[in-house]
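Here's the structure we're looking at; comments come further down.
The values are calculated or read from the model by the stated rules, or taken from the named source; none is laboratory data. These figures come from a predicted structure and were not determined experimentally. Positions of Cβ are generated from backbone atoms using ideal geometry, with glycine treated the same way; all protein chains shown enter the neighbour counts.
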Amino acid sequence: MTENQWVKSKSAIDVVDSLRPMVSRRKLQLFAVAAFSRLSPLLPDPSQQEAIQFLESDAENQTGGIRRRMLVDATRRAIPVQSNDSQHSEDDPHYVALMLYRELNGLSTGHHAAHAANGLAYPGEEHYKQLEFLRCIFGNPFRPVAFDPVWRTSTAVAIAQAAYDSRAFGNLPVLADALQDAGCENADVLDHLRGPGPHVRGCWVVDLVLGKS
């Protein structure tokens, strides 16, 4: 994928598959969390909700293989009966639940999360939202920002950590002010933090401040 394709792509599936060789599993998994969280109303079973939470905690290496295996079995059992309409004339909980199961059980991190949007009767809006999540998490991978350690002040780190821990992304403009006070004048960094979002865990600027990859 070229930079122009990255900017103009309308397929989250293509973007995820092209990113996989050059980005961390953690970031792809946080994308999967954001994608499935939006679709959670179609996943009412408690094990499915727990599976989404597991993907998030597992991204931070806080979980183990035994719990994963238990959740894989539980999410497989929780997949609802398949609709007879393969064209998804209505939102299809079976398809979304199946993609969650495959995401949890597979090796292609993020791939099935991107595919889950195809279980909706009108997937276009969901594909667009997924692309917004990907651009929040990865920025522009063709133009990585050289983050000056001088910008990583105690104030900036505290604001970024609070935003990460509590998902208080409404405070990101304050983080932009703190970085600017520390000497950052990078337009990509400041514009992203002051922009409308959406912002999710794994946000590329927050990760830079916190030293996460």
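Please count how many residues of the stretch 154-193 are of a type in the set (Asp, Glu) and closer than 15 Å to LEU210 by Cβ.
Step one: filter the stretch 154-193 for residues of a type in the set (Asp, Glu), giving 165, 177, 181, 185, 188, 191.
Adding the requirement that they be closer than 15 Å to LEU210 by Cβ leaves 165.
So the count comes out to 1.
If you go through the stretch 168-182 one residue at a time, how many are hydrophobic (A, V, I, L, M, F, W, C) and surrounded by fewer than 14 Cβ atoms within 10 Å (Cβ to Cβ)? Walk me through how you get there before you give the answer.
Within the stretch 168-182, the first condition is being hydrophobic (A, V, I, L, M, F, W, C), and the residues that meet it are 168-169, 172, 174-176, 178-179, 182.
Now restrict to residues that are surrounded by fewer than 14 Cβ atoms within 10 Å (Cβ to Cβ): 168.
Count: 1.
Among all positions in the stretch 30-37, there is no residue which is buried (at least 16 other Cβ atoms within 10 Å of the Cβ), part of a helix (DSSP H, G or I) and at pLDDT below 95.
Being closer than 16 Å to PHE138 by Cβ and either of a type outside the set (S, T, N, Q) or at pLDDT below 95 (or both), is that true of even one residue in the stretch 182-189? Yes, some residue in the stretch 182-189 is closer than 16 Å to PHE138 by Cβ and either of a type outside the set (S, T, N, Q) or at pLDDT below 95 (or both). Answer yes or no as to whether MET99 is hydrophobic (A, V, I, L, M, F, W, C) and over 17 Å from the mean Cα position of the chain (by Cα). No; evaluated as a whole, the condition is false for this residue. With respect to the conditions (1) without any contact (Cβ under 8 Å) to a residue 60 or more places away in the chain; (2) within 26 Å of TYR164 (Cα to Cα); (3) not acidic (Asp, Glu), LEU19 lacks only one, and its number is (1). In the condition set (1) surrounded by 13 or more Cβ atoms within 10 Å (Cβ to Cβ); (2) in contact with a helix residue (DSSP H, G or I) (Cβ under 8 Å, 6 or more places away or on another chain); (3) outside the structural domain of ILE52 (by TED's automatic domain parsing), GLY195 is compliant with all but (2). In the stretch 62-77, the condition of being surrounded by 16 or more Cβ atoms within 10 Å (Cβ to Cβ), in contact with a Gly (Cβ under 7 Å, 6 or more places away or on another chain) and outside the structural domain of PRO196 (by TED's automatic domain parsing) is met by no residue.
All of GLN130, GLN161 fail the test of being buried (at least 22 other Cβ atoms within 10 Å of the Cβ) and of a type outside the set (A, V, I, L, M, F, W, C), apart from GLN130.
Quick one: in the stretch 1-29, of everything that is polar (S, T, N, Q) and in a helix (DSSP H, G or I), which residue is surrounded by the most Cβ atoms within 10 Å (Cβ to Cβ)? Taking the candidates together, the pick is GLN29.
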